[in-house]
Amino acid sequence: MVSDELISILERSGIQPSAHRMAVAHYVLGTAEHPSADQVLAKVSAKFPYISRATVYNTLNLFVEKGLLQELYLAEGKVVFDPKLDRHHHFIDEETGIIQDVPWEDVQVCNIENLKGFEIRDYQVVLRGRAKPAKRRI
Ligand SMILES: [Zn+2]
């Protein structure tokens, strides 16, 4: 994503595009990697060694709050960030930990409306296993 585009995305969301926010946005709004906050920190500090952990964490929270990112709880104690906001499912490779998007229409969940006692607001399927070699993204 080019910087001008990022600046206008941030400004449209009411976010002041500081250099550090731009650095975080540049990676996290364009990635399909589903990084954790620590992975974002590692990636961004490779280019901006003086960026603090607090800045990265606060920026991620701000992006979530402003609707630019979604926070996903895909495993116990593991929160990852996803810039893809339209509905989709996820596949987690149990050996590599790599998380891939699965198109919404590729998995169907049936009978949700028959569940008694729940008001379902949202759902997604998290599939686990091994990616087949041709599809493995490393
Ligand atoms: Zn995703």
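Values quoted throughout were computed directly from the atomic coordinates according to the rules given, and no laboratory measurement underlies them. This is a predicted model, so every value here is computed, not measured. For neighbour counting, all protein chains shown are included, and Cβ atoms are generated from backbone atoms with ideal geometry for every residue, glycine included.
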Notebook entry, point to check: Just how many % of Cα pairs in the stretch 57-128 lie over 15 Å apart, if you round to the nearest whole percent?
Noted result: 63
Check: Once phi is turned into θ = phi - 60°, what whole-Hz ³J(HN,Hα) does the Karplus curve with 6.51, -1.76 and 1.60 give for every residue of the stretch 61-68, x standing for Gly and Pro?
Finding: 4, 5, 5, 5, 4, 8, x, 8
Next item on the list: Calculate how many DSSP beta bridges within the chain are antiparallel, expressed in % of all such bridges and rounded to the nearest 5.
Entry: 70
Notebook entry, point to check: Add -39500 (n - 2.57) for each DSSP H run of 4 or more in the chain, then divide by its residues: what number comes out at 222 nm, to the nearest 500 deg cm²/dmol?
Noted result: -9500 deg cm²/dmol
Item checked: Cα centre as origin, Lys/Arg/Asp/Glu Cβ charges: the chain dipole, Debye -> 360
Next item on the list: Specify which residue in the list Ala25, Leu72, Ile51 is farthest towards the positive end of the charge dipole of the chain, using unit charges on the beta carbon of Lys, Arg (+1) and Asp, Glu (-1), about the Cα centre.
Entry: Ile51
Checklist line | Cα-based radius of gyration of the stretch 1-72 once divided by 2.2 N^0.38 Å, which approximates compact folds | finding: 0.99
Notebook entry, point to check: Convex hull volume of the Cα atoms in the chain, per residue, in Å³?
Noted result: 151
Next item on the list: Could you tell me the distance between the Cα centroids of the stretch 5-46 and the stretch 107-124, to the nearest Å?
Entry: 33
Check: So which lysines pass the test for Lys78, namely a Cα distance under 27 Å, with those fewer than 8 places away in the same chain ruled out?
Finding: Lys43, Lys47, Lys66, Lys132, Lys135
Margin query: Can you tell me, using C-alpha contacts under 8 Å and at least 6 residues apart, the relative contact order of the stretch 1-124 as a whole percent?
Written below: 21
Next item on the list: Arrange the peptides 91-99, 28-36, 44-52, 115-123 so that the one whose residues have, on average, the most other Cβ atoms within 10 Å appears first.
Entry: 28-36, 91-99, 44-52, 115-123
Check: If one takes the longest principal axis of the Cα atoms in the chain, at what angle in degrees, from 0 to 90 and to the nearest 10, does the Cα axis of helix 19-28 lie?
Finding: 30
Checklist line | Total formal charge among the other residues, if their Cβ is under 14 angstrom from that of Asn61, Lys/Arg +1 and Asp/Glu -1 | finding: +1
